[in-house]
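See below for the structure under consideration.
Every number in this text was worked out from the coordinates using simple rules, so none of it is lab data. Everything numeric in this text was worked out from a predicted model, so none of it was measured. Every residue, glycine as well, gets a Cβ built from its backbone with ideal geometry; the counts of neighbours run over all protein chains shown.
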Amino acid sequence: MLLDGDEWKAKFRDFKREAWRLETLPQYLVPQEANEFARFKAGEEFPDVQEDGWTRQIREHKAEGRVMGRVHIITRPLSDYLRFEFSRYYRHSVRAGEDIRILDVTDRPNPLEGIQDFWLFDRTTVVLMNYGPDGKQINRTLFDGEIGPYLEAQRVAIVESVPFGEFVTA
């Protein structure tokens, strides 16, 4: 089942305990970010304080005792997009309360090789994030199978990664 529009937004509004994501790509082509990404590549710096709908949602969920988190699998050197994402979004999301972690596989085997991007809601619902080779999103689909492998992928990702703040200061 394809997820879009209100059904997709509802996943973030209605989860009870946890919304968690695995990110595996060095670049995501997101139309809403295109202008800011171009400005970033041109050397523009962005304000240190960021409050938008996403960070507001993270803060509200955290205040209600709900957790948001993700692990991004990366290799160095970082792509332009990852440098943009880290400076423009991750640092603000972490400040808002999202648990962002980095799994650097530059000098070691990727323990999650072949696992695609996904969101996991309340450890019961998996949404597969489908992308083309260039990072352009094709669609999102509700997974209708055994979620055990995704729970294990989450466990491995968390165990093998470091907090975002630790990664950027290392």
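Judged by the mean number of other Cβ atoms found within 10 Å, the most tightly packed of the peptides 152-165, 84-97 leads the ranking 84-97, 152-165. Under the convention that each Lys and Arg Cβ holds +1 and each Asp and Glu Cβ holds -1, the size of the dipole of region 1-87 around its Cα centre is about 400 debye.
A compact globular protein would have a Cα radius of gyration near 2.2 N^0.38 Å; the ratio found for region 9-57 is 1.48. Within region 26-56, which residues have the backbone N less than 19 Å from the label spot 7 Å out from Asn130 along Cα→beta-carbon, could you tell me? Once the point is set 7 Å along Cα→Cβ of Asn130, 28-31 turn out to lie under 19 Å by backbone N, inside region 26-56.
According to the Cα gyration tensor, what semi-axes, each the square root of 5 times an eigenvalue, does the equivalent ellipsoid of the chain have, listed from largest to smallest in whole Å?
Working through the eigenvalues yields semi-axes of 23, 20, 17 Å.
The charge dipole of the chain, taken about its Cα centre with unit charges on the Cβ of Lys, Arg, Asp and Glu (plus for the first two, minus for the last two), comes to roughly 260 debye. Each Cα pair under 8 Å and six or more residues apart adds its separation to the average, and for the chain the resulting relative contact order is 32 percent.
Every Cα-Cα pair in region 126-170 was counted, and those over 16 Å apart are 60% of them.
Relative protection proxy for 112-123, 2-13, from highest mean packing down: 112-123, 2-13 (other beta-carbon atoms within 10 angstrom). Taken one residue at a time, the phi angles of region 86-100 give Karplus couplings (6.51, -1.76, 1.60, θ = phi - 60°) of 4, 7, 8, 10, 4, 4, 6, 5, 5, 4, 6, x, 6, 8, 9 Hz. Gly and Pro are set to x.
For Asn35 and Leu151, FRET efficiency with R0 = 35 Å and r from the beta-carbon atoms, rounded to 0.05? Efficiency, from the Cβ-Cβ distance: 0.40. A dipole drawn for region 1-130 from +1 and -1 charges on Cβ atoms has a positive end, and of His61, Ala38, Ile115 the residue lying farthest that way is His61. Only one residue of Gly165, Leu82, Leu103 has its Cα farthest out toward the positive end of the dipole of the chain, where Lys and Arg carry +1 and Asp and Glu -1 on Cβ, and that residue is Gly165. Ranking Tyr150, Ile73, Val94 by Cα position along the charge dipole of region 26-170, where only Lys, Arg, Asp and Glu carry charges on their C-beta atoms, puts Val94 farthest toward the positive end.
By DSSP, the beta bridges lying fully in the chain are antiparallel in about 55 percent of cases. In summary, the lysines within cross-link reach of Lys41, defined as a Cα separation below 28 angstrom excluding same-chain residues under 8 places away, comprise Lys136.
For region 111-122, backbone phi angles converted through the Karplus equation (6.51, -1.76, 1.60; θ = phi - 60°) give residue-by-residue couplings of x, 10, 3, x, 7, 8, 4, 7, 10, 10, 10, 6 Hz, Gly and Pro being listed as x.
Taking the square roots of 5 times each eigenvalue of the Cα gyration tensor of region 66-125, largest first, gives ellipsoid semi-axes of 20, 18, 9 Å.
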